[in-house]
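Scroll down for the structure; my scribbles are underneath it.
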Amino acid sequence: MRQLALVLLLTALPRPVHAEEAPLTDFSLLRVDVEDGFALHPWIYHERRLSPRWGILGDVHVQTPGLNDRFPPFLEFDVGPVLHVGDLQINPQIGVDLVWKDDPDGGYTRGGDVVFQLYLIYTWNRFNAESWNLYFIPFDGADHFYLMRQLFTVRVAWELSLGPHVEGTFVRGLGTDRFAVGGDLGYR
């Protein structure tokens, strides 16, 4: 634990600015994931750069039902700090999702989950690899669950990136494991 604290402290120290370094710029991304069952999952990300090492990242994303009823349609808001270490981005976030549920009297929206998240993103030239780790705590007392996603994309033209992903869902107390394969399309 002390080693991790030392690494975080050293990476947070300001670096000397060289004349050839580019000024800090914010980062925005529109991305569409294709989920298991052809559900569309569009995202909008925006990072406010605070220093060469640190930023604040917020995102909004939704999911359509597609052909798989595993998850209902939802809207989620997330926010958290970003640590940049070379080509690696470490991003812990917390989020809240709103879930659209069907009811005999019509649909309704409710608070769904608090979501604790850790994203590890490695970008090098045209290649991007991501590891997502999300832990969902439902507001209604349902079983907690963990979702992991591993994805790899390649920039194919201009700022367009394509690639596959695999994900697994593990429900606490039920011993349920579910794996799915999908794809990602990103435009920066």
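The values are calculated or read from the model by the stated rules, or taken from the named source; none is laboratory data. Everything numeric here is computed off the predicted structure, so don't read it as measured data. So basically every Cβ, Gly included, is an ideal-geometry build from the backbone, and we count neighbours across all protein chains shown.
For the stretch 152-161, does any single residue satisfy the condition of being of a type in the set (Ser, Thr, Tyr), surrounded by 14 or more Cβ atoms within 10 Å (Cβ to Cβ) and out of contact with any Phe, Trp or Tyr (no Cβ under 6 Å at 6 or more places or on another chain)? Looking through the stretch 152-161, at least one residue is of a type in the set (Ser, Thr, Tyr), surrounded by 14 or more Cβ atoms within 10 Å (Cβ to Cβ) and out of contact with any Phe, Trp or Tyr (no Cβ under 6 Å at 6 or more places or on another chain). Residues that are farther than 20 Å from ASP59 by Cα and at pLDDT 90 or above within the stretch 83-124 comprise VAL85, GLY86, ASP87, TRP124, listed in sequence order.
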